[in-house]
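Some notes on the structure that comes next.
Quick note: the coordinates plus some simple rules give every number you see, no bench work behind them. Just so it is clear, the structure is predicted and the values come from calculations on it, not from any experiment. Neighbour counts run over all protein chains shown; Cβ positions are idealised from the backbone, glycine included.
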Ligand code: ADP
Ligand code: MG
């Protein structure tokens, strides 16, 4: 058994600017396993398509190169299987199994942090397969350099080949994903609803899918058309999404952002161009734009009388930065959660 889910395929992976490099590398590997990019590591945050892409490689090879033995495991499965084999005194069988594979796909290797004996075992498996030109592909939730408690020799193995990242999709890609996924489900959803979801659910593909699933379920179960009002209402209580909320004040946003960056609300609203103030100010403007239902002019006036183009500029700047800066993206997501939880 390869453990592959046949639904994860290249054909239904929508590659945008955020994933084009990783997608092309995965394709190239599938067409020439063990030859071009070996090993390969794909990293990125939760719900960005790591498992989908990794299993697409497996399914492609399974179908086009059936003589190659493909094994997909999560790092957790690999670990459990290894520990079990120690308990059963069958480590030799474990070693034999993994050293006989043609293509080894290991998902979520961040799970191996601090698991020294499993790392040791994987190190030997890696060397064996690598020396005989077997393809190795891994995924991780962050760049290898940010992993802790990883032996330096295993670290150097992961870093040896091609390391590519998956980033959160931008607005256009989010639209494309929603259009494709609704078409796959034979649902026609009005463009203003798709636009609303794309603007507000900007975390990852999993959340995009979940918001679509919820709206489709609502419409099917209650036999109602999906309208913008329904989307706003239904996605409001959605845990991991960022829809605008009419009751949220810009004041709250400024307070949470100021606390987080340890600066005064007065300065965040003010005009000082100190570097340590510009970023909190722009992030607060960005959050006001996506979380509240105010116009950019209204937001500008709450920020000490700035005009709408200043707000637009801040919005676009932060929107651009969170696409390439995963740490900043995480900070913004954290702030959104804090703003949502803010009482008083
Ligand atoms: P990860 O492993 O990075 O947490 P997954 O691969 O499990 O993410 O993806 C989460 C969900 O989103 C899955 O249902 C997957 O099919 C879907 N998905 C992710 N990226 C894409 C994409 N680019 N195109 C189509 N579906 C995607
Ligand atoms: Mg995954």
With Cα coordinates, the longest principal axis of the chain makes an angle with the long axis of helix 191-200, in degrees rounded to 10, of 80
Measuring from a point 7 Å past the Cα of residue 155 along Cα-to-C-beta, which residues in region 102-117 have an amide N at less than 17 Å? 109-117
Using a Gaussian network for the chain with springs between C-alpha atoms less than 10 Å apart, which of these wobbles most: 35, 311, 164? 35
Over region 250-341, with a single point scatterer placed on each C-alpha, what log10 of the ratio I(q)/I(0) does the Debye formula yield at q = 0.16, 0.24 1/Å? -0.55, -1.35
Comparing 170, 32, 200, which has the greatest mean-square fluctuation in the GNM of the chain with Cα pairs linked when under 10 Å apart? 32
One computes Rg over Rh for region 1-80 from alpha-carbon atoms, with the Kirkwood Rh, and obtains 0.94
Hey, could you get me the Stokes-Einstein D for region 171-234, Kirkwood radius over alpha-carbon pairs, 25 °C and 0.890 mPa s, rounded to whole µm² s⁻¹? 214
Compute the distance from the alpha-carbon center of region 13-58 to that of region 263-294, in whole Å. 37
One-quarter of the Cα convex hull surface for region 116-224, in nm²? 10.1
Please list the three semi-axes, largest first and in whole Å, of the ellipsoid equivalent to region 135-175, using sqrt of 5 times the eigenvalues of its alpha carbon gyration tensor. 27, 12, 7
For residue 77 and residue 223 in the same chain, what is the full-extension length gain: residue separation times 0.36 nm, less their Cα-Cα distance, in nm? 48.4 nm
Hey, if you drop one equal point scatterer on each alpha-carbon of the chain and run the Debye formula without solvent, what base-10 log of I(q)/I(0) do you get at q = 0.14 Å⁻¹? -1.11
Just the C-alpha atoms of region 151-199: what Rg/Rh do they give, with Rh taken as the Kirkwood radius? 1.36
To the nearest 10 degrees, how steeply does helix 75-87 sit against the main Cα axis of the chain, on a 0 to 90 scale? 40
Calculate the FRET efficiency for residue 293 and residue 316 from the Cβ-Cβ distance with a Förster distance of 25 Å, rounded to the nearest 0.05. 0.85
Could you tell me the relative contact order of region 10-165? Use alpha-carbon pairs under 8 Å, at least six residues apart, and round to a whole percent. 35
Which one, 160, 199, 281, has the greatest fluctuation when you compute a Gaussian network model over the chain with C-alpha springs under 10 angstrom? 160
With a Förster radius of 30 Å, plug the Cβ-Cβ distance of residue 10 and residue 148 into 1/(1 + (r/R0)^6) and report the FRET value to the nearest 0.05. 0.35
Looks like region 146-297, by Cα gyration tensor root eigenvalues a ≥ b ≥ c and the a/c under 1.5 rounded cutoff (else prolate when a/b is bigger than b/c, oblate otherwise), is oblate
Relative packing of peptides 284-294, 148-158 - highest average C-beta neighbours within 10 Å first: 284-294, 148-158
To test your reading of the geometry: what angle, between 0 and 90 degrees and rounded to tens, separates the Cα axis of helix 116-131 from the longest principal axis of the chain? 70
Calculated diffusion of region 10-165, Stokes-Einstein form, Kirkwood radius summed over Cα pairs, 25 °C and 0.890 mPa s, µm²/s: 157
Is the C-alpha gyration tensor of region 66-150 telling us rounded, prolate or oblate? Criteria: a/c under 1.5 is rounded; beyond that, a/b larger than b/c is prolate, otherwise oblate. oblate
Under the definition of Cα pairs under 8 Å and six or more residues apart, what whole-number percent is the relative contact order of the chain? 16
Please sort 92-103, 74-85 by packing, taking for each peptide the average over its residues of neighbouring beta carbons within 10 angstrom, highest first. 74-85, 92-103
